[in-house]
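Each remark here refers to the structure printed beneath this line.
The values are calculated or read from the model by the stated rules, or taken from the named source; none is laboratory data. A quick note: this is a predicted structure, and the numbers were derived from the prediction, not measured. Neighbour counts run over all protein chains shown; Cβ positions are idealised from the backbone, glycine included. To get the accessible areas, we keep the full protein, side chains included, count just its heavy atoms, and leave off ligands, DNA and RNA. Shrake-Rupley method; radii C 1.70, N 1.55, O 1.52, S 1.80 Å.
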Amino acid sequence: MTKSLTIFPFDPISLKNGYNSINIQNIPLFWKIINSLKEEDKDVLVFSENNKILDFSKYIVYLGDIGSCPSPKQVFYKQILKKLNSFISDESKHNIYLLDREIRNILSKEVFNLGLPLEVSQEWSFDDIIKMLDLSYSFHQNTNPIDLLNEFVDLSFYLGDIRILIFTNLSYYFSKEEFEKVVYELESKEVLVLSLNLSIEGISKNEADKHGCFIDSDFTMFTNW
């Protein structure tokens, strides 16, 4: 699968599983791209796969600066519950059903004995049980940048989420050694991350030899590597 991002009026930029970056010197262009992602403005940006245009809402997760981005729970919680519902064993579901019947029968007897004008519903829904249990999202790692990024990467991998994770100025949060680990994890788990970097002084040292491109302030240099 060949994914690409077209930023008008530039040529399409190829994206691959792993770490990708677009380094931009021109501040207005940088903010234009950010705002276009937030507003899903296809007059400025077009994502495509094998020349087929992709729907932003289905294939892109704009997260922004990792220091203030949405939490992994906000992005993946519904998918986690959906996976639980899909993969829980039939035996476990049956046992939960029997326990649910027992709870409802006990409540029905109490209502009857007290003569209250109440009726206990006998409808069964596994989704309702999950909602009733109010499962909380457990994040055991420290919430420093690299742990937080790893949480996004791990959940994308485990859930089979093919959406592109888009951050801003991501590499500036990591040392060179940490950045190398990030790149390795992304490639090994085949998760696609795109970092949009405001590079006033040129290309970040951490970006060297990685997959990306550089757009200078005058739009006279458009370099892929």
### Message
What's the total number of residues in segment 106-132 that are part of a helix (DSSP H, G or I) and either over 30 Å from Lys82 (Cβ atoms) or basic (Lys, Arg) (or both)?
### Response
9
### Task
Report whether or not Lys3 is of a type outside the set (S, T, N, Q) and open to solvent by 40 Å² or more (accessible area, probe 1.4 Å).
no
### Query
When both residues are 6+ apart or on different chains and their Cβ atoms are under 7 Å apart, which pairs have a first residue that lies in segment 77-104 and is farther than 24 Å from Val120 by Cβ, and a second that is surrounded by 11 or more Cβ atoms within 10 Å (Cβ to Cβ) and of a type in the set (D, E, K, R)?
Gln79/Asp161
### Query
Going through segment 157-172 one residue at a time, which ones are crowded, with 19+ Cβ neighbours inside 10 Å and touching an Asp or Glu at 6+ places or on another chain (Cβ under 9 Å)?
Phe167, Thr168, Asn169, Leu170, Ser171
### Query
Taking segment 41-74 on its own, how many of its residues are farther than 23 Å from Pro9 by Cβ, in a strand (DSSP E or B) and of a type outside the set (Asp, Glu)?
3
## Note on the structure
Of the candidates Ser156, Ser121, Ser171, Ser138, the one satisfying the condition of being over 26 Å from Gly212 (Cβ atoms), in contact (Cβ under 8 Å) with a residue 12 or more places away in the chain and polar (S, T, N, Q) is Ser121
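For (1) open to solvent by less than 90 Å² (accessible area, probe 1.4 Å); (2) among the small types (Gly, Ala, Ser); (3) modelled with pLDDT of 90 or more, each residue gets a yes or a no:
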residue: Ile24; (1), (2), (3): yes, no, yes
residue: Leu29; (1), (2), (3): yes, no, yes
residue: Ile34; (1), (2), (3): yes, no, yes
residue: Leu63; (1), (2), (3): yes, no, yes
residue: Lys78; (1), (2), (3): no, no, no
residue: Asn85; (1), (2), (3): yes, no, no
residue: Asp90; (1), (2), (3): no, no, yes
residue: Tyr97; (1), (2), (3): yes, no, yes
residue: Asn113; (1), (2), (3): no, no, yes
### Task
Report yes if Ile129 is closer than 27 Å to Leu159 by Cβ, modelled with pLDDT of 90 or more and open to solvent by less than 90 Å² (accessible area, probe 1.4 Å), otherwise no.
no
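Specify the residue that is farthest from Phe8 (Cα to Cα); the eligible residues are those in segment 182-215 that are surrounded by fewer than 16 Cβ atoms within 10 Å (Cβ to Cβ) and at pLDDT below 90. Quick ask: steps written out before the conclusion?
Step one: filter segment 182-215 for residues surrounded by fewer than 16 Cβ atoms within 10 Å (Cβ to Cβ), giving 184, 187-190, 200-202, 205, 208-209.
Remaining after also requiring at pLDDT below 90: 200-202, 205, 208-209.
Values: Ile200: 21, Glu201: 23, Gly202: 21, Lys205: 27, Ala208: 25, Asp209: 25 Å.
Looking at the filtered set, the residue picked out is Lys205.
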### Query
Which ones in segment 40-57 are aliphatic (A, V, I, L, M) and open to solvent by less than 90 Å² (accessible area, probe 1.4 Å)?
Val44, Leu45, Val46, Leu54
### Query
Of all residues in segment 115-126, which are among the aliphatic types (A, V, I, L, M), open to solvent by 60 Å² or more (accessible area, probe 1.4 Å) and under 24 Å from Ser92 (Cβ atoms)?
none
